[in-house]
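Please read the structure below before turning to the comments.
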Amino acid sequence: MGRRRRQYAVPNVEQSMKQFKAQVMKNEGYAVDPTRPDDVKYEVAKELGVPLQPSGNGELTTEEAGHIGGKIGGSMVKEMIRMAQERLANNQQKQ
């Protein structure tokens, strides 16, 4: 099975999203290579006790894979919500 290709709603945002992911996960205390932010999944998996490998992960359960993605995605969503709330608050102060 091939790798899934993300399609963002906003064109040309891929590099910015990688930088955002790297910053969020760095803030969460993970060692992140800014040029390869997707590799943080291996550190998260190790922390969670999930045996994630660069290939051949057919033995992983959906639950195990979800724990890894949830930890990363959840942190990103929390930060996006914080940023949106901050912008809303700033807009209300300007009015």
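Give the calculated FRET efficiency between ARG36 and GLU86 to the nearest 0.05, with a Förster radius of 41 Å applied to their Cβ-Cβ distance.
On the way: r = 29 Å, r/R0 = 0.70.
FRET efficiency, ARG36 to GLU86: 0.90.
Pop a pseudo-label 7 angstrom from the Cα along the beta-carbon direction at both ASN27 and GLU64 and give the gap in nm to one decimal.
3.1
Could you tell me which of the pairs LYS26/LYS46; LYS18/LYS71; LYS71/LYS94; LYS26/LYS94 are separated by over 28 angstrom between their Cα atoms in the structure shown?
Numbers: LYS26/LYS46 16 Å; LYS18/LYS71 16 Å; LYS71/LYS94 35 Å; LYS26/LYS94 32 Å.
Among LYS26/LYS46; LYS18/LYS71; LYS71/LYS94; LYS26/LYS94, the Cα-Cα distance tops 28 Å for LYS71/LYS94; LYS26/LYS94.
Run the paramagnetic zone check for ASN57: 7 angstrom along Cα to Cβ, then residues of the range 20-41 with backbone nitrogen under 11 Å.
39-41, by backbone N distance to the label point.
So, by mean Cβ neighbours within 10 angstrom, what's the order for 16-24, 60-68, 37-45 with the highest one leading? Walk me through the intermediate numbers first.
On the way: 16-24: 16.0, 60-68: 13.9, 37-45: 17.6.
Taking the mean over residues of other Cβ atoms within 10 Å, the ranking is 37-45, 16-24, 60-68.
Between VAL77, VAL32, VAL13, which gets the highest mean-square fluctuation from a Gaussian network model of the chain, Cα cutoff 10 Å?
VAL13
Which one, ASN57, GLY29, GLN85, is farthest towards the positive end of the dipole of the chain when Lys and Arg carry +1 and Asp and Glu -1 on their Cβ?
So the residue furthest toward the plus end is GLN85.
Could you estimate the translational diffusion coefficient of the chain from the Stokes-Einstein equation, with Rh from the Kirkwood formula over C-alpha pairs, at 10 °C and 1.306 mPa s, in whole µm²/s?
Working: Rh = 15.1 Å.
So the translational diffusion coefficient is about 105 µm²/s.
Starting from the alpha-carbon convex hull of the range 54-95, give the projected area averaged over all orientations, in nm².
Values: hull surface 15.2 nm².
Reported value for the Cα convex hull: 3.8 nm².
In degrees from 0 to 90, rounded to the nearest 10, what is the angle of the helix 14-27 Cα long axis to the longest principal axis of the chain?
Orientation of helix 14-27: about 80 degrees from the principal axis.
Just so you know, all these numbers are worked out from the coordinates, no wet-lab data involved. Quick caveat: nothing in here was measured; it's all calculated off a predicted structure. Virtual Cβ from ideal backbone geometry, glycine too; neighbours counted across all protein chains shown.
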